[in-house]
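Visitor: Below are the structure tokens for one structure; questions will follow.
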Amino acid sequence: MTVTLAIPSKGRLKEQSVAALAERGIFVHPDEDSRSYRTRVEGCDGLEVLLLSASEIARELRHGGIHLGVTGEDLLRETLPDFGDKLSIVSRLGFGHADVVVAVPDSWVDVSTMEDLNDVAGGFRAAHGHRLRIATKYWRLTQSFFTRNHGIQTYRIVESLGATEGAPAAGSADIIVDITSTGSTLSANRLRVLSDGLILASQACLARSYTAPHDAAGEAVLSDVVSRF
Ligand SMILES: Nc1ncnc2c1ncn2[C@@H]1O[C@H](COP(=O)(O)OP(=O)(O)OP(=O)(O)O)[C@@H](O)[C@H]1O
Ligand SMILES: O=P(O)(O)OC[C@H]1O[C@H](OP(=O)(O)OP(=O)(O)O)[C@H](O)[C@@H]1O
């Protein structure tokens, strides 16, 4: 049977994923139809490489729609906080580095730690008429970090699907949880990372799903690919 491995369909993660596979003797060529999300693979019989969005790869790994996938650890942890026996990280690939962080407006001069933020959150409704609002697309990682790690209970998550750093200036949220790499988007939007506000240091990973069905031939292909990483 064919084993499926998905890589991101666009951008820097796509190019670097193709290069990481080539280094291991798996050569991924575009399909004749340039709009296709299938590819032509050389160097590994029985392996099919598909192009999917990075967040879709995390979801497909969770429910076993693909056997292997390259995506960011941030998306894997947000999709399935506790991997349990459903999936595992085979290899961290050394590219796609991005930190998931808690950032507040520069103007909040008295807030530099999560403890300071906890103090602010406690009195936020009395001072502003609503709970502290956090804009993010990482709502599971945020809940776990705020509530489980820091005991912060009074906040509201405002789901943001893009331009999250603009939410405080736009007035739709007070603070954000988002990824940063160079920090330039945060500083351009006058936001600052809390000193202990690192939720996850993410990078691109090869992950394996244990819920995707396969036969003995598939197991041999899976072992071959995994051993190359
Ligand atoms: N500077 C960066 N900006 C954005 N993403 C980055 C950066 N560096 C690494 N990444 C990683 O790339 C992945 C996001 O890729 P991408 O934006 O294609 O995801 P997506 O949610 O599937 O996007 P879309 O839904 O727009 O297709 C995440 O795992 C993220 O951590
Ligand atoms: O710390 P920095 O180097 O500024 O990078 C962080 C930014 O990069 C990403 O946006 P990007 O526009 O690259 O992609 P996206 O909008 O698809 O997330 C991400 O969403 C941050 O906004």
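The values are calculated or read from the model by the stated rules, or taken from the named source; none is laboratory data. For clarity, every value in this text was computed on a predicted model and none was experimentally measured. Every residue, glycine as well, gets a Cβ built from its backbone with ideal geometry; the counts of neighbours run over all protein chains shown. All accessible areas refer to the heavy atoms of the entire protein, side chains included, with ligands and DNA or RNA removed. Shrake-Rupley method; radii C 1.70, N 1.55, O 1.52, S 1.80 Å.
Visitor: 222 nm [θ] for the chain, helices only, -39500 (n - 2.57) per DSSP H run of 4+, per residue, to 500?
Guide: Numbers: 9 runs with 71 residues, N = 229.
-8500 deg cm²/dmol, from helical runs alone.
Visitor: Let me ask you something else. For the chain, what does the relative contact order come out to in percent, with C-alpha contacts under 8 Å and a separation of six or more? Write out the running numbers ahead of the final one.
Guide: Values: 448 pairs, mean separation 67.9, N = 229.
The value is 30 percent.
Visitor: Quick check for you: with a 1.4 Å probe and neighbouring chains kept, what is the accessible area per residue of the range 24-156, in Å²?
Guide: Details: 6750 Å² over 133 residues.
That works out to 51 Å² per residue.
Visitor: Further, regarding this structure: Could you tell me which trypsin sites (Lys or Arg not before Pro) in the range 148-229 are loop residues by DSSP with no more than 16 other beta carbons within 10 angstrom of their beta carbon? Walk me through the numbers before you get to the answer.
Guide: Numbers: sites: R148, R156, R190, R192, R208, R228; in loops: R190.
Passing sites in the range 148-229 are R190.
Visitor: Let me ask another. Just report the Cα centroid separation between the range 145-216 and the range 15-94, whole Å.
Guide: 22
Visitor: On to the next question. Rounded to a whole number, what % of the accessible area of the chain do carbon and sulfur atoms account for, probe 1.4 Å? Walk me through the numbers before you get to the answer.
Guide: Details: 5430 of 11380 Å².
Here carbon and sulfur together make up 48 percent of the probe-accessible area.
Visitor: Ranked from the most accessible area to the least, with a 1.4 Å probe and all protein chains present, what is the order of E15, E219?
Guide: On the way: E15 115, E219 65 Å².
The residues order as E15, E219, largest area first.
Visitor: Just read off the accessible area of Y210 with the full protein assembly in place, 1.4 Å probe, to the nearest 10 Å².
Guide: 120
Visitor: Over the range 22-175, what lengths in whole Å, largest first, do the semi-axes of the equivalent ellipsoid take, defined as the square roots of 5 times the eigenvalues of the alpha-carbon gyration tensor?
Guide: On the way: eigenvalues 321, 55, 35 Å².
For the range 22-175, the semi-axes come out at 40, 17, 13 Å.
Visitor: Using a 1.4 Å probe and counting only protein heavy atoms, arrange D85, D196 so the residue with the most accessible area comes first.
Guide: From most accessible down to least: D85, D196.
Visitor: Next question, about the same structure. Simple spin-label model, 7 Å along Cα-to-Cβ: S181 to D33 in nm?
Guide: 3.1
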